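Structure, as structure tokens:
The values are calculated or read from the model by the stated rules, or taken from the named source; none is laboratory data. Just so you know, these numbers come straight off a predicted model, no measurement behind them. Note: ideal-geometry Cβ built from the backbone for every residue, glycine included; neighbour counts use all protein chains shown. Heavy atoms of the whole protein, side chains included, go into the accessibility calculation; ligands, DNA and RNA do not. Shrake-Rupley method; radii C 1.70, N 1.55, O 1.52, S 1.80 Å.
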Amino acid sequence: VVKDGFLDRHVPTIRERYRTQRDAMAAALTTHLPAGTTFETPRGGMFFWLRLPEGFDAMPLLEKAVEAGVAFVPGAPFFATDPDPRTMRLSFVTLTVAQIEEAVAILG
């Protein structure tokens, strides 16, 4: 795979696809999530990290999200000390732009 140049040809296509999906998720998060939700648009990778507004806890929201047909990863287990229950991780690379918009609207 590496020797025949597949990665050299494939990586630019994947980068453009991920950029489009990332930008769609950033727009959807800004539109649909509650005021006070914070995130930074990632410069690389496949995930958004969010912090919900004061008073939210991502863990109990997960069950409701799954019942509504969407899922996320609560962020608190990723902290070595002082977990932040308001955090969550969202992947954007396995969904189309339309699916991202729909899923974030449901999550919101």
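Here are the numbers for the structure shown:
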| quantity | calculated |
| --- | --- |
| Helix-only [θ]222 nm of the chain, DSSP H runs n ≥ 4, -39500 (n - 2.57) each, per residue, nearest 500 | -14500 deg cm²/dmol |
| Of every Cα-Cα pair in region 1-94, the percent that sits beyond 24 Å | 31 percent |
| At most 14 other Cβ within 10 Å, DSSP loop - trypsin sites (Lys or Arg not before Pro), region 40-108 | R43 |
| Cα convex hull volume per residue for region 42-108 (Å³) | 100 Å³ |
| Computed lengthening from D8 to V66, 0.36 nm per intervening residue step minus Cα-Cα distance | 17.1 nm |
| Rounded tilt (10° steps) of 6-32 against the dominant C-alpha axis of the chain | 20 degrees |
| Cα-projected label distance for D82 with T94, points at 7 Å along beta-carbon direction, nm | 3.3 nm |
| With Cα atoms, 0 to 90° folded angle of helix 58-67 axis to the chain main axis | 70 degrees |
| Using alpha-carbon coordinates, inclination of helix 97-107 to the longest axis of the chain, degrees | 10 degrees |
| Average accessible surface area per residue within region 41-108, 1.4 Å rolling probe, Å² | 61 Å² |
